[in-house]
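> Next up is a structure, given as structure tokens.
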Amino acid sequence: MTSVDRKELGNVGTEMLWENDHVRVWDLVLEPGQSSEWHRHGMHYTFIVTRAGRLKAEYEDGSESI
């Protein structure tokens, strides 16, 4: 069991906009310095960024990407 398994996981985004058997479309709104909840992606995923900025991803093994 990892440390993420022990945490209560949140939603992938702020609001689910649409879904079917293969796709879920989420809206995720983050203000500068704000974080999302720990979550898991149950399907393949991609990001479409609509505003300039940087996003830092933290993974359960402690690694990060920017």
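The values are calculated or read from the model by the stated rules, or taken from the named source; none is laboratory data. None of the values given here were measured: they were computed from a predicted structure. FYI the Cβ positions are ideal-geometry reconstructions off the backbone, even for glycines, and counts take in every protein chain you see.
> Of everything in segment 16-48 that's of a type in the set (Val, Ile, Thr) and either exposed (fewer than 10 other Cβ atoms within 10 Å of the Cβ) or touching a residue at least 12 places away in the same chain (Cβ under 8 Å) (or both), which residue is nearest to Glu58 (Cα to Cα)?
The qualifying residue nearest to Glu58 (Cα to Cα) is Thr46.
> Please tell me if Leu28 is modelled with pLDDT of 85 or more and either touching a Pro at 6+ places or on another chain (Cβ under 9 Å) or aliphatic (A, V, I, L, M) (or both).
Here the answer is yes, as Leu28 does meet what is asked.
> Could you say whether any residue in segment 9-20 is of a type in the set (A, V, I, L, M, F, W, C), touching a His at 6+ places or on another chain (Cβ under 7 Å) and modelled with pLDDT of 85 or more?
Checked segment 9-20: at least one residue is of a type in the set (A, V, I, L, M, F, W, C), touching a His at 6+ places or on another chain (Cβ under 7 Å) and modelled with pLDDT of 85 or more.
> Can you tell me which residue within segment 15-38, out of those that are in a loop (DSSP other than H, G, I, E, B), under 15 Å from the mean Cα position of the chain (by Cα) and among the acidic types (Asp, Glu), is farthest from Thr50 (Cα to Cα)?
The qualifying residue farthest from Thr50 (Cα to Cα) is Glu37.
> List every residue pair whose Cβ atoms lie under 7 Å apart, where the two residues are 6 or more positions apart in sequence or sit on different chains, the first residue falls within segment 55-66 and is farther than 14 Å from Arg40 by Cβ, and the second residue, located anywhere, is in a strand (DSSP E or B).
As it stands, the answer is Lys56/Glu64; Glu64/Ala57; Glu64/Glu58; Ser65/Ala57, since those pairs meet every condition given.
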